[in-house]
Amino acid sequence: MSDTRHSTGSGVVFAVRGLCKVYATEAGEVHALRDVDLDIVKGETLVLLGPSGSGKSTFLNILGGLDVATSGSVRFRDMELTRASAGQVTAYRRASVGFIFQFFNLVPSLTARENVALITEIADDAMSPEEALALVGLSDRLDHFPAQLSGGQQQRVAVARAIAKRPALLLCDEPTGSLDSESGVQVLEAIQAVARDVGATTMIVSHNAGIAQMADRVIRFRDGAITDIVVNARKTAPREMSW
C-alpha cells in the first residue's frame, strides 16, 4: 500500500496540484473536489473508486477537458490545462483524449465501421476503422448496425472509436456499468489490450471494487478528496478477477 501522490520521474504525464471544484446550487455550494494532488505516470492504468458523489467522475472530466476547475492546477506534459483557452482545450481533447462512457453513444443509423470513422476522419495519425475494430475483436462485425450487436459488442465499438486516434489518455467512466459480467470482462480485456497497443495512460472510474485488481494503482475518493492510494504488486487479468 502507498499514499505517494507526487513523483519526480520524467514519466509523469499529469501533475495535479490543489485541484478544487465547487458547484453553486440553490441549496448552497457543493464541493465536488477538495485540494486533490496526484501525479499520473505515462502508460499506467488507474482505477478510481468511491461512492456516488465522491468526486471521481468530476476529476476524470476535468482531466479530460470536459469540465473546468474552480482552483488548483492540472498540467498535461508542458501544457497548463487549467489556464488554457477554450480553443486549446478543444484541440487537446481532439488530439490526446479518448472517452468511453457507460452508455455507448453510438449513432444507430451508422455501422460499426462508420461509427469509428467519425473519429478517424478528423484525427491526425489515426488508425483505420478496420484496424481499431480488429483490436477489440470485431473484424467480423464491421458492417453491423448497433441494433444488430450485443451490449458488450456495442461497448467494444465505443472502445475502438475512442482509441482510433491513438490517444495519450484513455478515460473510461463506468465502462461496464450497463453490462453483464461476461460482456464486462470482454470490454475490460479490450480496454487493457488497446491501451497497451497505443501506449495510452488509462483511467477507469467504477463502483465495482473488483475492477481494481487490473490497475497499477487504485485511487479511492470520498467527499471530494483522495483518501487512499494502493499500488498493486501484481495486476490481475480481467478474466481472472473476482467480480
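Since every read-out is calculated from the coordinates, none of them should be taken as a lab result. Computed from a predicted structure; not experimentally measured. As a convention, Cβ positions derive from the backbone with ideal geometry for all residues, glycine included, and neighbour counts pool all protein chains shown.
A few points about this structure:
- Placing +1 on the Cβ of every Lys and Arg and -1 on the Cβ of every Asp and Glu, with no other charges, gives the chain a dipole of roughly 400 debye about its Cα centre.
- Dividing the radius of gyration of the alpha carbons in the range 150-226 by their Kirkwood radius gives 0.96 for Rg/Rh.
- Bridge orientation summary for the chain: considering DSSP beta bridges with both residues in this region, about 55 percent are antiparallel.
- Helical content alone sets the calculated 222 nm signal of the chain at -8000 deg cm²/dmol, taking -39,500 (n - 2.57) per DSSP H segment of four or more residues and averaging over every residue.
- Helix 151-163 and the longest principal axis of the C-alpha atoms of the chain enclose an angle of approximately 70°.
- Charge-dipole axis of the chain as Lys and Arg at +1 and Asp and Glu at -1 on Cβ define it, positive-most pick from Leu46, Gly11, Ala32: Gly11
- Only Lys, Arg (+1) and Asp, Glu (-1) charged, at Cβ; the range 84-162 dipole about Cα centre in debye: 320
- Straight-distance crosslink candidates among lysines, where the alpha carbon sits under 20 Å from Lys42 and sequence neighbours closer than 8 are dropped: Lys56, Lys165, Lys235
- Residue-wise HN-Hα couplings along the range 72-81, as the Karplus relation 6.51 cos²θ - 1.76 cosθ + 1.60 with θ = phi - 60° gives them from phi, are x, 9, 10, 10, 10, 6, 9, 10, 8, 4 Hz; Gly and Pro carry x.
- Cα pair count fraction exceeding 34 Å, expressed as % - the chain: 14
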